[in-house]
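To start, the structure under review is shown below, and the notes come after it.
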Amino acid sequence: MSGRKKDAGKAGILRGHIKGQVHPALDRINKSFDVDRRLWREDIAGSKAHARMLGAQGILAAGAVKKILKGLDQVAAELDSGTFVALPDDEDVHMAVERRLTELIGPDGKRLHVGRSRNDQVATDLRLYLVGLGRRVADALRGLEALLAARAAAHASDLVPYYTHLQRAQPVTLGHVLLAWVEMLDPDRLALDAVRPESPLGAGAGAGTTFPLDRAATAAELGLSKPARNSIEAVSSRRDAVLVLAHLASAATTLSRLGADLVLWTSREFGFARLDDSVSTGSSIMPQKRNPDGAELLRAKAAVVSGALARLLEIQRALPLGYAKDLQEDKPAVFEAEDAVLQMIEVAEAMLSNVTFDVDRMRAAVVDPSGYMLATEMADFLVVRGVPFREAYQAVGQLVREAERRGVGLEALTDADYAAAHPALDATVRRVLDPDRAVARRRIVGGPAPSNVRREARAWSKRLGA
Ligand code: ARG
């Protein structure tokens, strides 16, 4: 067993030409197994594909390949069940798996790393991981979007103010608002679902290898799109991770805005929504409080995700071409971003399935005469009568000022007021001062009409498989 002990130490495996033990401070900063053990499934899959290919290419004997594959399955089983015992010298997941493999199957384990470097290995592991990450997040987003679409269908014709500058602007439907979130999230879902990077495996340390590796075969077995065309790019680039994190950051930012709206809508001032007890939090001193902590954390957690994206970019900024250990720090960023986004989606779903919209309060805000939310309808009425829009805008602006002065709505002004503001304005304009009608007539593509919302919600539910 003395041979095994020597192999297990870094002095044996990676420091053949370097004398003595590594300084403990360097050892600590260099070691990444605690973080990158999360890549073990991808690492085992990559090693199995590599081993099979080495066999097919006649580089490894069939017997050795068989033992390696069986050994790798055993290592995987130990990692899966939690019985894997890490040794102090397990620098990263790649060395840990190889060390354990060799312990289990003996000298054939030492044949696996031919034509491969940890540089193409870790790049392959990470790109494979991104595929799974993309799917996990896309699936979670699908559930959330389906929930939003279902709630939108149920509120297709309920009126709610649309805000610009957080000031009441024009009436829309609640269903239209809910579908806006779906539209914002869905491009990120689709992109994450379609992540399919090229395979770095076979790029070696970054300069390829003289062995006749079948890179197309390993790429295909791993479900990656094709072999990366350039060995240097293959080991040096973290572009795929950057793009995935950009989509995570984009989705997280959308969820943070959703959180912000929930916070506003559940406030007494808005009163548009009420959180069920299961998603309300209390105060340690004020017995009456129902706080929207979950929605607030949606706002803040987005910072973790965009921070991870910024970190990943910063790690690569000005990094000379070729692999450098800086790149080891890519993984915490990826993992933290994934964890935060999945948690956010889960919380958003919990909040949205346990919130009751107060449709009466929303309607009251729309019809509140002091909001003048139908002023544009009035101007449009004049435009239909041939008045240039800018002239109509001025005339209605005058009427709004007058109505404000008297503390009434536009419909309460007299026919004489209308005529004074513009000769083309008469009593029939009151017909357009009806919010339900105003919204129902916005059947334009992308508009908030109930008929649109019903159609769109149905289409989304179908598309999302709900
Ligand atoms: N743990 C390393 C990483 O995450 C693996 C690659 C190490 N390569 C090297 N030449 N030291 O990047």
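The values are calculated or read from the model by the stated rules, or taken from the named source; none is laboratory data. None of these values were measured; they are calculated from a predicted model. All Cβ positions, glycine included, derive from the backbone under ideal geometry; neighbour counts span all protein chains shown. Just the protein is used for accessible areas: all its heavy atoms, side chains included, with ligands, DNA and RNA removed. Shrake-Rupley method; radii C 1.70, N 1.55, O 1.52, S 1.80 Å.
At a 10 angstrom cut-off on C-beta neighbours, averaged per residue, how do the peptides 151-158, 25-32, 75-82 rank from highest to lowest?
Numbers: 151-158: 20.2, 25-32: 13.1, 75-82: 14.6.
Packing order, densest peptide first, comes out as 151-158, 75-82, 25-32.
With contributions of -39500 (n - 2.57) from each DSSP H run of at least four residues, the per-residue ellipticity at 222 nm computed over the chain stands at -19500 deg cm²/dmol. Does the range 183-294 come out rounded, prolate or oblate by the C-alpha gyration tensor, with a ≥ b ≥ c the root eigenvalues, rounded set by a/c under 1.5 and, if not, prolate when a/b is larger than b/c and oblate if not? Prolate. The angle between the Cα long axis of helix 239-265 and the longest principal axis of the Cα atoms of the chain comes to about 40 degrees, rounded to the nearest 10.
Quick one: length gained pulling residue 367 to residue 167 fully straight, 0.36 nm per residue minus the C-alpha distance?
Values: separation 200, 0.36 × 200 = 72.00 nm, distance 1.45 nm.
That works out to 70.6 nm of additional length.
Beta-bridge orientation, the chain: approximately 90 percent antiparallel, per DSSP, counting only bridges with both partners inside.
To put it simply, the accessible area of the chain at a 1.4 Å probe is 54 percent carbon and sulfur. Taking the longest Cα principal axis of the chain as reference, the axis of helix 389-406 is set at about 70 degrees. When the pairs 31/110; 226/331; 19/331; 48/331 are compared against a 27 Å limit on Cα-Cα distance, 19/331 fall above it.
How big, on average over all directions, is the shadow cast by the Cα convex hull of the range 362-466, in nm²?
Working: hull surface 30.8 nm².
Directional mean of the projected Cα hull area for the range 362-466 stands at 7.7 nm².
Ignoring ligands, DNA and RNA, what accessible area per residue does the range 263-395 give at 1.4 Å, in Å²?
Details: 6950 Å² over 133 residues.
On a per-residue basis, 52 Å².
In the context of the full protein assembly, residue 211 retains an accessible surface of approximately 90 Å², using a probe radius of 1.4 Å and ignoring ligands and nucleic acids.
For the range 302-401, the pair-distance distribution built from all alpha carbon pairs, in bins 10 Å wide starting at 0, is 12, 20, 14, 13, 19, 16, 6, 0 percent.
As a calculated quantity, the FRET efficiency between residue 14 and residue 297 at R0 = 41 Å, using C-beta atoms, amounts to about 0.45. Note on the range 38-82 and the range 102-130: Cα centroid distance 8 Å, given to the nearest whole angstrom. For a paramagnetic label modelled at 7 Å from the Cα of residue 193 toward its Cβ, which residues of the range 139-157 fall within the zone defined by backbone nitrogen distances under 16 Å? Hits in the range 139-157 for residue 193 at 16 Å: 139-150. Radius of gyration over Kirkwood radius for the range 59-196, both on Cα atoms: the Rg/Rh ratio is 1.30.
By a 1.4 Å probe calculation restricted to protein chains, residue 248 has an accessible surface near 0 Å², given to the nearest 10.
On a 0 to 90 degree scale, rounded to 10, what angle separates helix 330-353 from the longest Cα axis of the chain? That helix lies at roughly 40 degrees to the long axis. Packing-based ranking of 174-181, 273-280, 227-234 yields 174-181, 227-234, 273-280, ordered from highest to lowest mean Cβ neighbour count within 10 Å.
One compactness figure for the range 119-221 is 1.74, namely its Cα radius of gyration divided by 2.2 N^0.38 Å. Semi-axes of the equivalent ellipsoid of the chain are 62, 23, 19 Å, computed as sqrt(5λ) over the eigenvalues of the C-alpha gyration tensor in descending order. Over all distinct Cα-Cα pairs of the range 382-432, the Kirkwood formula returns a hydrodynamic radius of 11.0 Å.
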